[in-house]
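To start, the structure under review is shown below, and the notes come after it.
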Amino acid sequence: CVTNRHVCHGDYLTRIRNLVECRMLSGLILREKDMLENEYRALAAQVCRICESSDCLCVLHRFVDVAKEQNYRTVHLPMPILRSLSENTMREFDLLGTSCHSLKEAQEAEQLGCHYVIVGHLFPNACKRWQLGRGVNFLKSVCSGVDIPVYAIGGICIENITLIRDAGAAGACLMSSMMVCENPECYVKTLQERLEF
């Protein structure tokens, strides 16, 4: 699950709690990219506690210093920030990922030391309705072009999630559907039944 408080239905922290308590997520990326660092720091402290209480992996986003301060060794970084990190800083994280929009970027991320990449957006979706999706062939090219796990994002739903598996992805990242669905546990269970990633 990738968070986005701007599309969240209902109370945001209640939504996060409901998502992680269903114990069906592989992890949660706290991606509130418009927040300033101090705002994000306060939110991260709350969300990390919620995730820890349900033994759900929480991956912080963008703010390396916040991850270090909160002793979180899992972080997802935009490519420009990833490129600026020293090798010593990268080694401080047990799980380091980034989002990529081309095979070349994914290969660069792997060379820089990322443990996984997220690629997208794959299909048309509400968040990027003005852009065409990159499609399954793009996902296949990235999956076959790197040796680290590749996760897909963007417009993924029950109707197309098997295409993600068949393309060789390690998994799927969901944002809008997780922020708005009325019964996330049921939705995730249905997805998993289609997949068995």
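The values are calculated or read from the model by the stated rules, or taken from the named source; none is laboratory data. These numbers were taken from a predicted model, which means no experiment stands behind them. Note that we place each Cβ from the backbone using ideal geometry, even for glycine, and neighbour counts take in every protein chain shown. Side chains included, ligands, DNA and RNA excluded: accessible areas come from the protein's heavy atoms. Shrake-Rupley method; radii C 1.70, N 1.55, O 1.52, S 1.80 Å.
Taking only protein heavy atoms and a 1.4 Å probe, the accessible area of the chain is 49% carbon and sulfur. The slack between Lys104 and Glu193, meaning 0.36 nm per residue of separation minus the straight C-alpha distance, is 28.8 nm. Highest GNM mean-square fluctuation among Asn88, Asn137, Asn160, for the chain modelled with Cα contacts below 10 Å: Asn88. Cα centroids of the stretch 60-126 and the stretch 1-43: 18 Å apart.
Sparsely packed loop sites in the stretch 74-113 (the trypsin sites (Lys or Arg not before Pro) outside DSSP H, G, I, E and B with at most 12 other Cβ atoms within 10 Å) comprise Arg91. Taking the square roots of five times each eigenvalue of the Cα gyration tensor of the stretch 91-197, the equivalent ellipsoid has semi-axes of 23, 16, 14 Å, listed largest first.
Efficiency by 1/(1 + (r/R0)^6): what FRET value for Ser84 and Glu39, r their Cβ-Cβ distance, R0 = 22 Å, to the nearest 0.05? So the FRET efficiency works out to roughly 0.50. With a threshold of 29 Å on the Cα-Cα distance, the over-threshold entries among Lys33/Lys68; Lys33/Lys104; Lys68/Lys189 are Lys68/Lys189. Solvent-accessible surface of the stretch 1-53, averaged per residue with a 1.4 angstrom probe and all protein chains in place: 51 square angstrom.
Computed extension length for Leu112-Cys186: 22.9 nm, one decimal, from 0.36 nm per residue of separation with the Cα-Cα distance subtracted. Model label points for Asp166 and Ile148, set 7 angstrom from Cα along the Cα-to-Cβ axis, are 2.9 nm apart. Surface analysis of the stretch 65-188 yields an accessible area of 49 Å² per residue, using protein heavy atoms and a 1.4 Å probe.
Rounded, prolate or oblate: which one fits the chain, using the alpha carbon gyration tensor with axes a ≥ b ≥ c (rounded when a/c is under 1.5, else prolate when a/b beats b/c, else oblate)?
Judged from the Cα gyration tensor, the chain comes out oblate (a/c at least 1.5, b/c at or above a/b).
With a simple spin-label model that places each label point 7 Å from the Cα along the Cα-to-Cβ direction, the separation between Asp55 and Thr14 comes to 2.8 nm.
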